[in-house]
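Any read-out appearing in this document is the output of simple, stated calculations on the displayed coordinates, not a laboratory observation. All values reported here derive from a predicted model rather than from experimental measurement. We place every Cβ from the backbone using ideal geometry, glycine too, and count neighbours over all the protein chains shown.
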Amino acid sequence: MSATAVTDRHDTPVDLVIAGSRCVATMDADVGDVDGGWVAIADRRLVGVGTGSPPPAAATLDATDCLVTPGLVNTHHHLFQNLTRAFPPMTDKPLFGWLQSLYPRWRAIDEEAAYVSAWVGLAELAMSGCTTSTDHLYLHPRGAGDLLGAEIAAAVDLGVRFHPTRGSMSLSEKDGGLPPDDVVADDEDILAACEEAVDRHHDRAHGAMVRIALAPCSPFTVTEELMVRSAELAERLDVRLHTHFAENAEDDDYSIERFGCRPTDYLDRTGWMTDRTWLAHCVRPDDREVGRLGTAGVGVAHCPSSNLILSSGIAPVVALRRAGVHVGLGVDGSSSADSGSLWLEARQAMLLAKLRDGAGSITARTVLEMATLGGAACLGRSRELGVLTPGAVGDVAVWSLTGPAFAGAIADPIEAWLRCGPVSARHTVVAGQIIVHNGRLTHPALDERLATHRRVSQRIQSED
Ligand SMILES: [Zn+2]
């Protein structure tokens, strides 16, 4: 693009300009990439992208030799799991054994643990260019306190955009589920807690910093009735729905044995085949199921590192996208990924798709679409998040493309961004606020929070 597409605010300075870039990848199909572009933010929103002289601004961020993208959107996480990262009892197990080795530790979570794990996990994500994250908080042990409120407080303190889900488990070992009895609740209590969470925290405004979705943990941890009633409640409250889906062969086998059908049929019969739903993993749909998911307009949170480390399989993301599924990226919980870098997930997604479907099946740009436009669609916020267009939120990631790792990568900044590296964000901006500056978190409490996190991790890991 050569023309300047700007703001009508030439008379008054904007709040922030990000200037001098090598390229602004707007992800807006009508605008495309803006070589040498700048981005302007005012009143927490993006107000212009252009070339030439940027508008006057109260503050300027230097983006020399950088790729500028929309802030990345993380569509699946369990932030509390960074308390049991790289924990030896679980490192050699596939999904079900992995879960059962960790439940006894996780049930010791409390408000302090929820707060500090969310704070540190969201800080880690911001340093990888992520400006919006969801969290699937399905663990609510009896007497643990207000864990959802604690993690929202952490996100607010840090200044990142947050989409936590009110997760749930209602099927314990004695009823044929996977979790122990003291971390599950009954369906009535769960549904009441879901409604209260939406009442208290869900902001429906454009540019909202906090939204809530409903998220039964998985078909093997909740009753069928809770799946049905959660979908009905989400419809009534007009919020989104999330769960784990078709993650590995054990998941398929459980569905056939317990429900007498494959996971996609189970979704259908519980009222979840709707564009209100986004699903974590979706590793194992067959061709016919891929088509059904696309027709329903569901979203999928693709979590490649987790799928690799738990040996779950390779999700068919190229086919899912072709079928019309909104595919976003997720880091998944930090006891299975165990890294919380969304850039790393983007690179893994590109590598795995090439391995599965051929070298020409996907490009770095396609994966950037997944990390931005796809994630926004999963959260029901297309044109608001994941795109640099006037009126969208002021969420931006700035990536340096210099140094030995990028020498020679001069022809295509987006391919350079994902094929070279590893890369962290040089700057991360959320709603016009600088959260990461020159690779460092701007919040002063990082060291203090890390010390608390270490103490809490020691406590949780000593449980059994
Ligand atoms: Zn998960």
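Taken over the range 172-320, the alpha-carbon convex hull comes to 132 cubic angstrom per residue. Summed over all non-identical Cα pairs, the Kirkwood treatment of the range 100-171 gives a radius of 12.6 Å. Let me know the shape class of the range 92-241, please: from the alpha-carbon gyration tensor, a ≥ b ≥ c as square roots of the eigenvalues, rounded when a/c is under 1.5, otherwise prolate if a/b is greater than b/c, or oblate. Because a/c hits 1.5 or more and a/b fails to exceed b/c, the range 92-241 counts as oblate. With respect to the chain, whose longest principal axis is taken over its alpha-carbon atoms, helix 446-461 is tilted by about 20°. Taking every DSSP beta bridge that has both ends in the chain, the antiparallel portion is near 40%.
With Cα atoms as the point set, the chain shows a radius of gyration and Dmax of 21.3, 68 Å. When exposed loop sites are taken as trypsin sites (Lys or Arg not before Pro) in a DSSP loop with at most 12 other Cβ atoms within 10 Å, the longest stretch of the chain clear of them is 205-464. By its C-alpha gyration tensor, with a ≥ b ≥ c as the square roots of the eigenvalues, how is the range 370-448 shaped: rounded for a/c under 1.5, else prolate for a/b larger than b/c, else oblate? Oblate.
Using 0.36 nm per residue and subtracting the Cα-Cα separation, the extra length available between Arg454 and Ala407 on full extension is 13.1 nm.
If you plug the beta carbon distance of Asp110 and Arg288 into 1/(1 + (r/R0)^6) with R0 = 56 Å, you get a FRET efficiency near 0.80. Placing dummy labels 7 Å off each Cα toward the beta-carbon, the span from Asp203 to Thr274 is 2.6 nm. With Cβ to Cβ distances under 11 Å as the rule, what net charge do the other residues near Val387 carry (K, R +1; D, E -1)? So the environment of Val387 carries a net charge of -3. Compactness of the range 258-321 was expressed as the Cα radius of gyration divided by 2.2 N^0.38 Å, which yields 1.10.
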